[in-house]
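Have a look at the structure below before the remarks.
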Amino acid sequence: MSLASKSPQPRPGILDIAAYVPGKEHAPGVAKVHKLSSNETPLGASPRAIEAFQAAAFNLERYPDGQARALREAIGAVHGLNPANILCGNGSDELLGLICHTYLAPGDEGIITEHGFLVYKIQIMAAGGTPVTVKEQNATVDVDAILAAVTERTKLVFLANPANPTGTYIPADEVRRLHAALPEGVLLVLDAAYAEYVRRNDYAAGLELVSASRNVVMTRTFSKIYGLAGLRIGWMYAPPEVIDAVDRVRGPFNLSAVSIAAGAAAVRDQAFVAVAVDHNLTWLERVGRALEALGLTLTPSVTNFVLIHFPDEDGKRAIDADTFLTARGYILRAVAAYGFPNALRMTIGSQEANEGVIAALTDFMGRK
């Protein structure tokens, strides 16, 4: 075969990656759809963020600030952090990928947990590394299992806290125990995408641990409680040397001007965040209580979603519930790819959406 007849080939390992499949959005033939599959806030974005977005639209001919200074300064002011230790990205997904490309070489290992966010595995493999998956206990991260998996090849440990799709978390003292037992050359990546929703006294997103360490990174997102998923804004807080290294592989204009403006306004509007937290706490409890009364099992959640487990009975399994709900305009997230073939993840939505799902599942569970 001549060279001219060969097509370009991706490097070894790329085609072994299972592409990420987002939650579905459509229910064909249904007039009104409630999308509860992507953990989006039902309250939308802060009016201040929308106003800032609109104002920024009058200067679209100009490149954005490549350092996202206004956004980093706003995040720093709200959280009491040095903006020099903050790096912003096109969603936290981009930052997770940049971390992998910065710290993994072929043959290096990155540890992930059994039900962890699928993007971790994708990014590890995309960087040429080897993902090492450890078991969880009761859908919760097991620190001892992680430590038992550490080898001389381990370079990264990914810890979603709280976790997706389970909604569970491990307390701050367990995170500290994990970090204390890791070799100094292993980077602990704390993904705190749902931190704003947690109201537990023993929880910490990781800010203090990052400040006191040289091998801990915390990532956050504006896609959840801030309602800016459509703009793709994420940020990481890390030691100076980590920021410096990752910044060297970051694209020069990875955030748009409108994203920077809207994000800065959103993070400063903590009153809007408080309303979102209250809404979520109220409905997380109501939905959980109602669904458990139907005989369904829920994994305890501290986030803006619940993992619903269905009976292993003909006509009552998750796949049947998914079909039943979709036909009525309620789109939940199938999570078989996360190791839960008989469960659905439901985002806490508006009052109308939540009550609608409860009513629909009441019908579903009562069917003969």
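Among the residues making up the range 207-223, those that are of a type in the set (A, V, I, L, M, F, W, C) and part of a loop (DSSP other than H, G, I, E, B) are Ala212, Phe222.
Only residues that are of a type in the set (A, V, I, L, M) and either open to solvent by 80 Å² or more (accessible area, probe 1.4 Å) or free of Cβ contacts under 8 Å to residues at least 24 places away in the same chain (or both) were counted in the range 20-49, giving 2. The C-beta contact set for the range 346-368 (first residue among the small types (Gly, Ala, Ser), second residue assigned to a loop (DSSP other than H, G, I, E, B), distance under 8 angstrom, 6+ apart or interchain) comprises Gly349/Leu36; Gly349/Pro42; Ser350/Pro42; Ala353/Leu36; Ala353/Pro42; Gly356/Arg328; Gly356/Gly329; Ala360/Arg328.
The listed residues are Ala204, Ala276, and the only one of them that is on the phi < 0 side of the Ramachandran plot and assigned to a helix (DSSP H, G or I) turns out to be Ala276. Being part of a helix (DSSP H, G or I), more than 21 Å from Cys88 (Cβ to Cβ) and open to solvent by 30 Å² or more (accessible area, probe 1.4 Å) is a description that applies to Ala180.
Taken together, the criteria place Tyr203 among residues that are aromatic (Phe, Trp, Tyr) and either surrounded by fewer than 24 Cβ atoms within 10 Å (Cβ to Cβ) or more than 23 Å from Leu71 (Cα to Cα) (or both).
If we keep just the residues of the range 146-177 that are small (Gly, Ala, Ser), in contact (Cβ under 8 Å) with a residue 24 or more places away in the chain and in a helix (DSSP H, G or I), which is farthest from Gly206 (Cα to Cα)?
Here the answer is Ala149.
Looking at Leu255, Leu284, Leu307, Leu298, which one is free of Cβ contacts under 8 Å to residues at least 12 places away in the same chain and open to solvent by less than 40 Å² (accessible area, probe 1.4 Å)? Exactly one of Leu255, Leu284, Leu307, Leu298 is free of Cβ contacts under 8 Å to residues at least 12 places away in the same chain and open to solvent by less than 40 Å² (accessible area, probe 1.4 Å), namely Leu298. Within the range 326-353, the set of residues being part of a helix (DSSP H, G or I), over 30 Å from Gln137 (Cβ atoms) and either open to solvent by less than 10 Å² (accessible area, probe 1.4 Å) or among the charged types (D, E, K, R) (or both) comprises Glu352, Ala353. Looking at this structure, is Ile112 crowded, with 17+ Cβ neighbours inside 10 Å, assigned to a helix (DSSP H, G or I) and among the β-branched types (Val, Ile, Thr)? For Ile112, the condition - crowded, with 17+ Cβ neighbours inside 10 Å, assigned to a helix (DSSP H, G or I) and among the β-branched types (Val, Ile, Thr) - is not met. The single condition among (1) touching a residue at least 60 places away in the same chain (Cβ under 8 Å); (2) of a type in the set (Val, Ile, Thr); (3) assigned to a helix (DSSP H, G or I); (4) open to solvent by 30 Å² or more (accessible area, probe 1.4 Å) that Val267 does not satisfy is (4).
The values are calculated or read from the model by the stated rules, or taken from the named source; none is laboratory data. All figures in this text were calculated on a predicted structure; none of them were measured in a lab. Heads up, the Cβs are rebuilt from the backbone with ideal geometry, glycines too, and the neighbour counts pull from every protein chain shown. Ligands, DNA and RNA are stripped out before the accessible areas are found, and what is left, the full protein with its side chains, is counted by its heavy atoms. Shrake-Rupley method; radii C 1.70, N 1.55, O 1.52, S 1.80 Å.
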